[in-house]
Amino acid sequence: MSGPADAPARPRDYIPLYDEFDYPVHDFDGALPEGLRGTMYRNGPGKMEAGGQPLGHLFDGDGMLSMYAIGDGVLHFRNRFVRTEHYRKSLTAHGAPYRALGTMRPGGLLTNALQFPANVANTGVTVHAGKLLALWEGGRPTELDPDTLDTLGVHDFDGGLRWIGAFSAHPKWDNRTGDMYNFGLAMFPRPGLACYRVDRTGRLHELGRLDLPTPMFNHDMGLTDRHLVFVIPPLVFPLRKFLGAGLALRNFIEAIDYDARRGTMIGLVPRDGGKPRILHTDALMHLHLANTYEDGSDTVVELLNYEATWAELNGQLSNAQSGLTGAKPYGGKLMRVRITPTGRVIHEPVSDLQGDFPAYHPAYASRRNRYVYLAAGADGTPHPSAIAKIDNDTGKESLHRLPEDTAAHEPIFVPRPGPGAEDDGWLLVLTQPRSGDPASLLVLDARDLSAEPLYRGRLRHHMPLTFHGTFTPRLAQPA
Ligand SMILES: [Fe+2]
């Protein structure tokens, strides 16, 4: 449905939610499964203005954590904005208090030149060593109380993260040791990815660095038994544009070019911090990796390839923010990138389904998994309109379609406790009608996506689409 031609476009998937709630969900169908107990946390941009000024890019919205505590047959909801400096100042400022990736603050060059984008803590969330951390890839994590979601402050791992201290939004885990691996984008003194291991006590160890040939943008990483795996699309900051962004002649997000001629760079960084192995392959355009693992002597990476340029993908993100419906179907296609010991890089298509925000059984991280779940643009919709399950063994695909004009947030797979098949568990899926009506939390039986949800809990309000979430068996104590 469209409004008058001169009416401002209304954000459909990112309608701001200013209020902060705390309540048990009493409006539901079905029942929460026995055995499903713990807490899902999600993060995403909760409001798309600061100090009354509309923000220029989806990535600039203040991070809002939401919490879904499931125990004793009850779902309890809570949400809180992360009290970053940007958020706190945005409440009373006239206009944006800081520069952001795609936003200038009022005052022109004088107030924006040589200013880094503000940390809005809006991208990922993780629980590690007892700490709940909101993640943003350009800076340090922000720690929150896992029960109240009160902001406790910026977390630098006791000084382990130095200077800008970028700590990406996509850490990965070693299931055997409980160690968390991550990287941070570093532009100075030379461009590279600083690699980290955070042990199970929460201590950060530097693991060396993957040098980049030029300033580039990378969002995700993989972890195998031997390597930290980086598949870096040809997203570069040309010097002229980078300097222009630094001098506030353009936004940082506009300083990114997609240079297909460079191809995609693959970096395999040994876990012991040894010399990285570098390979190149034809250009891919992805943001997210699914699983990564060693397959005999090959290293395998699964990713969602958009078969598009950055300009096209960024255009889709802008459309979602501004309320325009993107003409292109949502999502990328799942593919496998196989790296052989001799340096061959083989592209293996997996599915023609389009989707993103992959999920899989967490115990299968770093080893071959049979099932991948996606938020999918079923039937060519421009938004994630279904949850998909892809069977790597048989190629079979199954879908759980949402009601018309309803968008799915990233699915989270939670295994049923005890031994069981790889798909014996549940998918937690937050869904949002694009009309702005209240959101729901669905619990799907991952063995049979075509079945009705086991549980549908209706929230009292809408939820702007979130980027990423995590699940912990620890049950938050909302009261
Ligand atoms: Fe992401």
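The values are calculated or read from the model by the stated rules, or taken from the named source; none is laboratory data. A quick note: this is a predicted structure, and the numbers were derived from the prediction, not measured. Neighbour counts are summed over all protein chains in view; Cβ atoms, including those assigned to glycine, are modelled from backbone coordinates with ideal geometry. Only protein heavy atoms, including side chains, enter the accessible area calculation; ligands, DNA and RNA are left aside. Shrake-Rupley method; radii C 1.70, N 1.55, O 1.52, S 1.80 Å.
General observations
- Average accessible surface area per residue within the chain, 1.4 Å rolling probe, Å²: 41 Å²
- Portion, in percent, of the accessible area of the stretch 288-440 that falls on carbon or sulfur, probe 1.4 Å: 50 percent
- Distance from the alpha carbon centroid of the stretch 341-371 to that of the stretch 42-93 works out to 31 angstrom.
- Portion, in percent, of the accessible area of the stretch 149-192 that falls on carbon or sulfur, probe 1.4 Å: 55 percent
- Per-bin percent of Cα-Cα distances, the stretch 427-479 [10 Å]: 22, 43, 33, 3
- Remark: the chain carries a charge dipole of roughly 1280 debye about the Cα centre, counting +1 on each Lys and Arg Cβ and -1 on each Asp and Glu Cβ.
- Reported to the nearest whole Å, the Cα centre-to-centre distance from the stretch 393-455 to the stretch 234-293 is 32.
- The count of lysine pairs in the chain that are at least 8 places apart or cross chains, and whose C-alpha atoms lie under 27 Å apart, stands at 12.
- Estimated 222 nm signal from helices in the chain, with DSSP H stretches of n ≥ 4 weighted -39500 (n - 2.57), rounded to 500: -1500 deg cm²/dmol
- With every protein chain in place, the stretch 213-278: carbon and sulfur % of accessible area (1.4 Å): 55 percent
- Distribution of pairwise C-alpha distances over the chain, 20 Å bins, in %: 24, 62, 14, 0
- Antiparallel DSSP beta bridges within the chain, as percent of all bridges there, nearest 5: 100 percent
- Loop chymotrypsin sites (Phe, Trp or Tyr not before Pro), the stretch 160-201, which have at most 14 other Cβ atoms in a 10 Å radius of their Cβ (DSSP): Trp163
- Length-normalised contact order of the chain in % [C-alpha pairs under 8 Å, at least 6 apart]: 15 percent
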